[in-house]
Amino acid sequence: MRHDAVRGHLDGLLLAALETGPLHGYAIITAVQRRSGGVLELRTGTIYPALDRLERLGLLRSSWQTSGERRRRCYELTEAGRRSLAGERTAWQEFTAAIGAVLDPAPPEAAI
């Protein structure tokens, strides 16, 4: 899938990946890839600025956690993030319905 196909939907993808609980950046990338059946591959250079922006907007909060000798920044949804995710889902459903109505051929109308 083209990398630019994700543009405009990145926030929703990141919020959805975090819906089940806190994850660090690489785990978010892996979750999106796994849930998309390997079709969507996010880059670290793409997600970290987006995660920082979502945190500044109050949709995420982060904390540092240690795993062995490695420190990882973990992100989780805030209540505002959950509301935003619900809005993203509604917008996505409306968008796909509209695109589907244009791309899917309409059944021929019955002759009168």
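Throughout, read-outs are computed from the coordinates displayed, never taken from laboratory work. What you see is a predicted model; the values in this text were computed from it and never measured. FYI the Cβ positions are ideal-geometry reconstructions off the backbone, even for glycines, and counts take in every protein chain you see.
Take Gly58 and tell me if it is surrounded by fewer than 13 Cβ atoms within 10 Å (Cβ to Cβ), within 19 Å of Leu85 (Cβ to Cβ) and small (Gly, Ala, Ser).
yes
Could you say which residue among Gln33, Gln65 is polar (S, T, N, Q) and in contact with a strand residue (DSSP E or B) (Cβ under 8 Å, 6 or more places away or on another chain)?
On the way: Gln33 fails: in contact with a strand residue (DSSP E or B) (Cβ under 8 Å, 6 or more places away or on another chain).
The match here is Gln65.
From Gly58, Gly25, grab the single residue that is within 27 Å of Gln93 (Cβ to Cβ), among the small types (Gly, Ala, Ser) and in contact with a Ser or Thr (Cβ under 8 Å, 6 or more places away or on another chain).
Values: Gly25 fails: within 27 Å of Gln93 (Cβ to Cβ).
Exactly one of Gly58, Gly25 is within 27 Å of Gln93 (Cβ to Cβ), among the small types (Gly, Ala, Ser) and in contact with a Ser or Thr (Cβ under 8 Å, 6 or more places away or on another chain), namely Gly58.
Take the residues in the stretch 62-112 that are in a helix (DSSP H, G or I) and aromatic (Phe, Trp, Tyr); name whichever of them is nearest to Leu51 (Cα to Cα). Working first, answer last.
Here is the first cut: in the stretch 62-112, the residues in a helix (DSSP H, G or I) are 79-103.
Cutting the leftovers down to aromatic (Phe, Trp, Tyr) gives us 92, 95.
Values: Trp92: 20, Phe95: 24 Å.
Among them, the one singled out is Trp92.
Each row is one residue, and each column tells you yes or no for (1) touching a Phe, Trp or Tyr at 6+ places or on another chain (Cβ under 7 Å); (2) within 14 Å of His24 (Cβ to Cβ); (3) without any contact (Cβ under 8 Å) to a residue 24 or more places away in the chain; (4) exposed (fewer than 12 other Cβ atoms within 10 Å of the Cβ).
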| site | (1), (2), (3), (4) |
| --- | --- |
| Ser67 | no, yes, yes, yes |
| Arg89 | no, no, no, no |
| Glu94 | no, no, yes, yes |
| Ala98 | no, no, yes, yes |
| Asp104 | no, no, yes, yes |
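In the stretch 22-44, which residue that is free of Cβ contacts under 8 Å to residues at least 40 places away in the same chain and small (Gly, Ala, Ser) is surrounded by the most Cβ atoms within 10 Å (Cβ to Cβ)?
Ranking the qualifying residues of the stretch 22-44, first place goes to Ala31.
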